Structures are given as C-alpha cells and as structure tokens.
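Throughout, read-outs are computed from the coordinates displayed, never taken from laboratory work. Please read all numbers here as calculations on a predicted model, not as lab measurements. For neighbour counting, all protein chains shown are included, and Cβ atoms are generated from backbone atoms with ideal geometry for every residue, glycine included.
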Amino acid sequence: ARGLTLVHRSPTAPEQQLLAFHATTSHHHFTPQMASRMVGGHSEAKPQDDEIMEVMASPRVLETLCVDLESLVVHSYTRQVVAGTKYQVKLAREDGTFSHFSVIKPLPHKNEEPFILGEVQDGLTAEDTFN
C-alpha cells in the first residue's frame, strides 16, 4: 500500500493576500438580521408602508382585488427577492375579514407593472398565516 506524506509549507504572497481578503469579507456568524437580506428568503412581517403601497397601486393589482387604493388597508406583508420581488400581503377588508395573496413586482428592465400571482384567499382572520 502506498503511503501519503503531507508536507507543510507557508502560503505564498498571493495566497496570503487571498486569505486576508477572505477573512475580512466572510460572514462567520449568521444573524437574524441577515435573513431578511438573503436572496430567496422571506423577510419578517412588516406593517403597511410606502414600499407596499407603491406595489399595491398597480392598476393590475387593484383591478384583481376589486378595490380602490384609498380604501385599501394592508395589515402586513413579507417580501422575497427572486426574479423580481415577491410580496405576500395580508389585506384588511371593510367587513373585518382578511385576504392573503402574492404580488410579483418584476425586475425594472422588464418594464412591467406588479401583478397578483395565483388566487386571493378571502375570509381569513388576522391570525391566519400565509400558505
């Protein structure tokens, strides 16, 4: 059987630079704050703000929901960065119920308006979670 001999050597100057660069740019500890910035991961739930209201103002979204922007109240939403941005929205209805749905905001170069993906789930409560 052949034996394997390991020889220790010091890193070359270019290898040392690469190691130093990696040590200063690597994330060694995962934090909850990083989760909201991860591509592909959903953010924590957020209350209504300018970001979601800009998305909700899309005529395609308003038409699908059969509401006008002035009467629309977003209870909360999450966002996920994919090929564009996917929002999961919890909408408070006038009758005290809630609706859940997903809105896609395409990437800017697509020059497309946000739109609702899939079906709107109606008759839910504030405690119901996104599916």
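Within region 103-131, whose backbone N sits under 20 Å from a point 7 Å along Cα→Cβ of residue 82?
103-122, 129-131, by backbone N distance to the label point.
How large are Rg and Dmax for region 58-131 when only the alpha carbon atoms are used, in Å?
That works out to 12.4, 39 Å for Rg and Dmax.
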